[in-house]
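Colleague: Quick one: the structure is below, questions incoming.
The values are calculated or read from the model by the stated rules, or taken from the named source; none is laboratory data. No experiment lies behind these values; they were computed from the predicted model shown. We place every Cβ from the backbone using ideal geometry, glycine too, and count neighbours over all the protein chains shown. Areas reflect the complete protein model, heavy atoms only, side chains present, ligands, DNA and RNA absent. Shrake-Rupley method; radii C 1.70, N 1.55, O 1.52, S 1.80 Å.
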There are 2 protein chains.
Amino acid sequence: METLINKLKTAAPKAALLMAIAAGSALQSCSKSDGSGNGGATADALSSDAASAVYVAPGKHDELYSFLSGGFNGQVSVYGIPSGRLLKIIPVFSQHAENGYGYNEETKAMLNTSHGFVPWDDLHHPKLSRANGTTDGRWLFVNGNNTPRVARIDLKTFETVEIMEIPNSAGNHCSPYPTNNNEYVIAGTRFSVPLDMKGGTSDVSLENYEKEFRGSISFIKIDPKEGDMELDFQILVPGFDYDLANGGKGPSEDWVFFTTYNSEKAGTLKEIGASQNDKDYLAAINWKLAAKYAKEGKLHEMPANYYHNKMDKGTHTAKSTVKKNVRYLLPEECPGMMYLLPAPKSPHGIDVDPSGEFMVVSGKLASAIPVFSFAKMQDAIKNKAFDGEKNGIPVLKYESVLKGEVKEPGLGPLHTEFDGKGNAYTSMFVSSEVVKWKLNDLKVVDRIPVYYSVGHLMIPGGDTKEPYGKYLVAMNKITKDRYLPTGPELAHAAQLIDISGEKMKLLLDFPTVAEPHYAQAIVANKVAPNSVKFHKLDENKHPQAARKESEANVTRKGNVVHAKMTSIRSHFTPDNIEGVQVGDTVYFHVTNLEQDWDVPHGFAVMGANTSETLIMPGATQTLKWVPKKAGVYPMYCTDFCSALHQEMQGYIRVSPKGSNVPIKFSTGKKKQNIPGVASTK
Amino acid sequence: METLINKLKTAAPKAALLMAIAAGSALQSCSKSDGSGNGGATADALSSDAASAVYVAPGKHDELYSFLSGGFNGQVSVYGIPSGRLLKIIPVFSQHAENGYGYNEETKAMLNTSHGFVPWDDLHHPKLSRANGTTDGRWLFVNGNNTPRVARIDLKTFETVEIMEIPNSAGNHCSPYPTNNNEYVIAGTRFSVPLDMKGGTSDVSLENYEKEFRGSISFIKIDPKEGDMELDFQILVPGFDYDLANGGKGPSEDWVFFTTYNSEKAGTLKEIGASQNDKDYLAAINWKLAAKYAKEGKLHEMPANYYHNKMDKGTHTAKSTVKKNVRYLLPEECPGMMYLLPAPKSPHGIDVDPSGEFMVVSGKLASAIPVFSFAKMQDAIKNKAFDGEKNGIPVLKYESVLKGEVKEPGLGPLHTEFDGKGNAYTSMFVSSEVVKWKLNDLKVVDRIPVYYSVGHLMIPGGDTKEPYGKYLVAMNKITKDRYLPTGPELAHAAQLIDISGEKMKLLLDFPTVAEPHYAQAIVANKVAPNSVKFHKLDENKHPQAARKESEANVTRKGNVVHAKMTSIRSHFTPDNIEGVQVGDTVYFHVTNLEQDWDVPHGFAVMGANTSETLIMPGATQTLKWVPKKAGVYPMYCTDFCSALHQEMQGYIRVSPKGSNVPIKFSTGKKKQNIPGVASTK
């Protein structure tokens, strides 16, 4: 098989060729001069059709929610489809000064890890929770790639409610993949590392990469009612790089599949070293059997140290617990649990079609796309059609599991999605196009250029049993000239493509926040009706909540000052505080007394070494401040809340350390020296 | 004059009425059931027109850049107009984990203040730099409201290049306002505070608010060539709250105007206490005369302590300097420099029309909009038509300076913009509408509902001598049901309105990031041609830059380790580092060797207590890491850069403290144990 890497070796100087590959557009197969990619019909008519197709008139709602990973911003972006409008950024793994996430006392613990407080991650794959193999609109699971973690977002509130660290992982890339009824969310390591099996250290020379580095795949149990996660067990796997994963469906629903690269086990210069073998592997794991083995006592245990952070519902405050061990299975001890399927070469995406019969593997350096048959795989296992083994894991014969190959699909295939009508769509990174082909005969039937260097594709539900085959979103890695230039740093670019007809039609370019890797989408009515509008004040169990203005107070205990405050249009209670001293630790606990939709109040103190905090109606949030110098510090509402928002302001007086100014605060009840104003109550 | 506050006093319970005011929609004067606000024509035809008007076909560019303040996220958002697409978020005052701003060693110093490192601010007003009273596309000035600062963004790179703290200020709200040729950028305090005139402390009882609190207005000189800022002098002003500002033009170009509220000097319960007087003031300051007084030795000096942070061009690294005093003028010593114009009541916006003759003041509790005449003001000053004085500042008689009032414009007028065709557009917060009126006869000619509770308006150049009177953007404070619901926390909402004809037409709703206050826009060709595509490697003066792979190395000095690294598709040099110990301070200085547009590389280390850093081509950026436990840590590229991006990865081995593992790193030159791979060079 001719592969790109062979071309690299034999043709022009490597660096130059790699750059050409990355640029992508140079190799486009059918780019149009107008950049629309819509050949045939007149540009104007197409443009007008497309305009109408993506226009959501003022006051109307989008048809779908889409959840795009933020990649290197660590967050999730919610876009409306088809408008491409950014509805919200949900903070997950990164501090978010906008609303205080990771800065205020209630959310800081969400970012605790075994490495300490980590204010960032690299979020790649959002996955919606499932019922019967389709999206159920309850939760969104996402992975932290850098410091291995899985997070859960509650789609009632669009808030991150749980983050769990994954031990024995380093680059949690093929993660998180829910099974068809959220029995498990599965997470695999991208980078292998030496594992600390006995509670010592894993200080191992990098020269021992080949011998001592190992991968792991984690099985996280999901509480069917509340969604809470718990690490059930891991499977320790050979020291390859595990790239992407996908779960089976229907006949294959007990299985989960992982692509691997670097089966060469190159420990340096992976660019070259991990691109030598003509075939790496697709790893197939029977998770139901694994769970059975786990129950039947095949488990080992090793010391571990990982954080599990949860948002407490009553106090709306994150709490961390630390887990101290992890249970694991070894494939060589669990026959029938794991197989390797040879896959060309340095495979990236693995995608299982809606029927659950076909596993599509995209080898980023391969010139054809192999489509494996689940039925043939079952037969091959039964017939022991093995081609040796790796670390005790049987390798199935390539031909024995292959349905066929999509021939000459384009250059650099990465990911495939399905429309539920018998078609597959594969992204071509190098030739910058989306290629549509038929699942039955593997024939290419359409292709459309995308700008530029496309990574993942997303069809709403395109990874489930029930795709919504109307739209496809291409998430492109390179933007260059697609938008007005904004200096060296550019937004990434998504493109919305109409796939309702035979030919794909490009509808819209929309820039995206940071780097979307994968995405999910769901019809609006599966989520919108359950959306919470505000928190109920009488369910607020925060220990420092003031549920009415008369409960507001300021107290000192040693050098710690607690200010229990309230906010309501258009004042804080108290709005004047005296008696704070330099070096005190001051906690401002602000309860938003509003009980209506979309009436947050923000709270900030001048010069505080933290962010603001944005308090939703009914909630309590806390800012911590250690004043460094004496003076008078304004505090104020940061979110324009009412006609008298600018008046929603007060002061904190900070006196020198050791001064004898007593704690004093305005209650709003005292008669003020203002005509006609007796009390705020 | 009947005012809202009178209604508040006499009608329903205050809290309920304030909530009704805030909700806004209850009082809309002409809302349509379809929410589009376009009466008359059929909804379908209008919708199709609007769709075409805002649709920017794939590959085409927007007509204008717009710069929306991020409000409580501390950043600037760049949107394309008319598409409403978010092209970029420019980090200014807040840490931005997405690209490492405020986390990496090169940008941390940008967030230094006299209060220490402040990772957030509340950014309200972007203002484009000017030449001859029109936008010149060179820089964008923005204010930090919370910890008083002014920042400058370079529109060649769309990067924040300078942040200067403003002393004697507390709530830098009426800021920054450039004069017609950027002679000065002017910044006023919102909250008055006790000033530390002698270098002691300003620890003053809040009960002395009326006597001891004072405001200040700062005059920042702009270097005409490079744009660098320098605080020239301040004017100390009475202890009111200064809300918004605007500069004169043409005949009034030597003047700058400030609205004030709380001329009552209420120190608590401002919601009520600052709403007593029937009139507050518009402060008029002759800045040219002030500059002359400053030159002529009327200046006093007081101790100060404020930070000035600048991005060094060669090293692309922020450096802080601390200033220790500030010079000031006193209005009572500078005759002719400052006047007060009575303005009803609790005025918010002050906007000067393109001719420079009319000053429009929007009293948020007033039922009419006064329009002042600059010519009449000049006459009144000449004729000494005074109505007493405040702190030695003459108060001009209301009628002597009034051109007239816009009668019954709507409820809660806030801000006015101009189309350059004789029309003014005023936002009505309480009645949620935009009202169009004629500058010549002050008659209302059109009104359109907006959703909901509109704050600022923006017409491109609508605050300059040359408005681009085609579009108006309404920035609304309340969103509620305008988009698919996203839990308690919702995006704010902007609306794009076509103002090219007699009647305003609503074109598009687009959600916005955080809270846009004011915005600016500029035709694309004033900015796009100058946009820098990458940094030139041979101009990189970073002391730790490796300008080629052979310069990469890792060195130890005591417990500090410097790793000078390079990145190029698709590898880091070195990609393996050993000899780091627990407790070392490790600096990774990564130089991106690429010299092409849109080829950043990201760099991250597993578990590091910082963000990633996103390195633009030609630049060097540094992450600091203090490893806490022994082990093997992957590092990798976080921005999908090439077909072999997943292979762009390496490891750092961390050994226990005191171990004898020497520093060792891969050079890419050593023969690797991989067939056919001898060297990366």
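Colleague: Can you give me the solvent accessible area of B:Thr107 with a 1.4 Å probe, rounded to the nearest 10 Å²?
Modeller: 10 Å²
Colleague: What is the spin-label model distance, in nm, from B:Glu210 to B:Ser52 if the labels are put 7 Å beyond Cα along the C-beta direction?
Modeller: Going by the 7 Å Cα→Cβ label model, 6.5 nm.
Colleague: Among the DSSP beta bridges whose two residues both lie in the range A:537-665, what percent are antiparallel, rounded to the nearest 5? Walk me through the numbers on the way to the answer.
Modeller: Values: 27 of 39 bridges.
Around 70 percent antiparallel, to the nearest 5.
Colleague: If you don't mind, there's one more thing I want to ask. What full-extension length gain, to one decimal in nm, is calculated for B:Lys60 and B:Asp481 as 0.36 nm per residue of separation minus the Cα-Cα distance? Don't skip to the end; give the middle numbers.
Modeller: Working: separation 421, 0.36 × 421 = 151.56 nm, distance 3.13 nm.
Result: 148.4 nm gained on full extension.
Colleague: Placing a label point 7 Å from Cα toward Cβ, how far apart in nm is B:Gln378 from its equivalents in the other copies, listed shortest first to one decimal?
Modeller: Nearest first, the other copies' label points are 9.2 nm away.
Colleague: Over chain B, with the other protein chains present, what is the accessible area per residue in square angstrom, probe 1.4 angstrom?
Modeller: Numbers: 20200 Å² over 681 residues.
Accessible area per residue, chain B: 30 Å².
Colleague: How far is B:Pro662 from the same spot in each other copy, in nm, shortest first, if each label point sits 7 Å from Cα toward Cβ?
Modeller: Listed shortest first, these distances are 7.0 nm.
Colleague: How much of the accessible area of chain A, in percent, comes from carbon and sulfur atoms when a 1.4 Å probe is used?
Modeller: Values: 10200 of 20190 Å².
Looking at chain A in its full context, I get 51 percent from C and S.
Colleague: How many nm is it between the label spots at B:Lys225 and A:Asp441, if each spot is 7 Å from the Cα in line with the beta carbon?
Modeller: With each label point 7 Å from Cα toward Cβ, the separation is 7.1 nm.
Colleague: Report the Cα centroid-to-centroid distance between the range A:419-438 and the range B:614-637 in angstrom, as an integer.
Modeller: A separation of 36 Å, based on Cα centres.
Colleague: Mind giving me the nanometre distance, one decimal, between the label points for B:Arg327 and A:Glu389, set 7 Å out from Cα along Cα→Cβ?
Modeller: 8.6 nm
Colleague: Can you give the accessible area of B:Glu389, probe radius 1.4 Å, in Å² rounded to 10?
Modeller: Per-residue accessible area (B:Glu389): approximately 110 Å².
Colleague: Would you rank A:Met197, B:Met635 by solvent-accessible area, highest first, keeping every protein chain in place and using a 1.4 Å probe?
Modeller: Details: A:Met197 70, B:Met635 0 Å².
Solvent-accessible surface, decreasing: A:Met197, B:Met635.
Colleague: Compute the accessible area of each residue in the range A:81-107 twice, once for its chain alone and once with every protein chain present, using a 1.4 Å probe on heavy atoms, and list those whose area falls by at least 30 Å².
Modeller: Residues of the range A:81-107 that lose at least 30 Å² of accessible area once the other chains are added: A:Arg85, A:Leu86, A:Leu87, A:Lys88, A:Gln95, A:Ala97, A:Glu98, A:Tyr103.
Colleague: By how many degrees, 0 to 90 and rounded to 10, does the Cα axis of helix A:43-54 deviate from the longest principal axis of chain A?
Modeller: Once rounded, one gets 50 degrees.
Colleague: To the nearest 100 Å², how much accessible surface do chains A and B cover up together, summed over both, with a 1.4 Å probe? Before the final figure, lay out the partial values.
Modeller: Values: alone 27650 and 27650 Å², together 40400 Å².
Chains A and B together bury approximately 14900 Å².
Colleague: Need the list of aspartates and glutamates near A:Lys436 for cross-linking: C-alpha distance under 15 angstrom, and skip anything on the same chain fewer than eight residues off.
Modeller: Excluding near neighbours in sequence, the set is A:Asp351, A:Asp353, A:Glu405, A:Glu408, A:Glu417, A:Asp419, A:Asp446, A:Asp498, A:Glu502.
Colleague: Against the longest principal axis of chain A, how steep is helix A:14-23, in degrees 0 to 90 to the nearest 10, with axes from Cα atoms?
Modeller: That helix lies at roughly 60 degrees to the long axis.
Colleague: Using R₀ = 51 Å, calculate the FRET efficiency as 1/(1 + (r/R₀)^6) where r is the Cβ-Cβ separation of B:Lys397 and A:Lys541; round to 0.05. Can you show the working numbers first?
Modeller: Values: r = 59 Å, r/R0 = 1.15.
According to the calculation, E is roughly 0.30.
Colleague: Find how much the distance from B:Lys288 to B:Lys319 grows on full extension, using 0.36 nm per residue of separation minus their present alpha carbon separation; answer in nm with one decimal.
Modeller: 8.0 nm
Colleague: While we're on this one: Given label points at 7 Å from Cα along Cα→Cβ, what nm distances, shortest first, separate B:Lys225 from the same residue in every other copy?
Modeller: Nearest first, the other copies' label points are 7.4 nm away.
Colleague: Here's another thing I want to ask about it. Per residue Cα convex hull volume for chain B, in cubic angstrom?
Modeller: In chain B, the Cα hull volume divided by residue count equals 182 Å³.
Colleague: Taking the axis that carries chain A onto chain B, what is the nearest Cβ in chain A, and at how many Å, to the whole number?
Modeller: Axis relating chain A to chain B; nearest Cβ residue and distance: A:Ala51, 2.
Colleague: Follow-up. FRET efficiency for A:Ser659 and B:Thr585, Cβ-Cβ distance as r, R0 = 45 Å, nearest 0.05? Don't skip to the answer; put the middle values down first.
Modeller: Values: r = 38 Å, r/R0 = 0.84.
Efficiency, from the Cβ-Cβ distance: 0.75.
Colleague: Can you give the % of DSSP beta bridges in the protein assembly as shown that are antiparallel, to the nearest 5? Write out the running numbers ahead of the final one.
Modeller: Numbers: 316 of 346 bridges.
Once the DSSP bridges in the protein assembly as shown are tallied, antiparallel ones form about 90 percent.
Colleague: What is the range A:316-473 by shape, rounded, prolate or oblate, if you read a ≥ b ≥ c off the alpha carbon gyration tensor as root eigenvalues and call it rounded for a/c under 1.5, prolate for a/b larger than b/c, and oblate otherwise? Kindly include the intermediate steps, with their values, before the conclusion.
Modeller: Working: a/c = 1.88, a/b = 1.20, b/c = 1.56.
Oblate, since a/c reaches 1.5 and b/c is not below a/b.
Colleague: Between the chain alone and the structure with every protein chain in place, find the residues of the range A:254-287 that drop at least 50 Å² of accessible area; heavy atoms, 1.4 Å probe.
Modeller: Those residues are A:Thr268, A:Leu269, A:Lys270, A:Glu271.
Colleague: Just how much of A:Lys533 is accessible, in Å², when a 1.4 Å probe is used and the result is rounded to the nearest 10?
Modeller: In the full protein context, A:Lys533 sits at about 100 Å².
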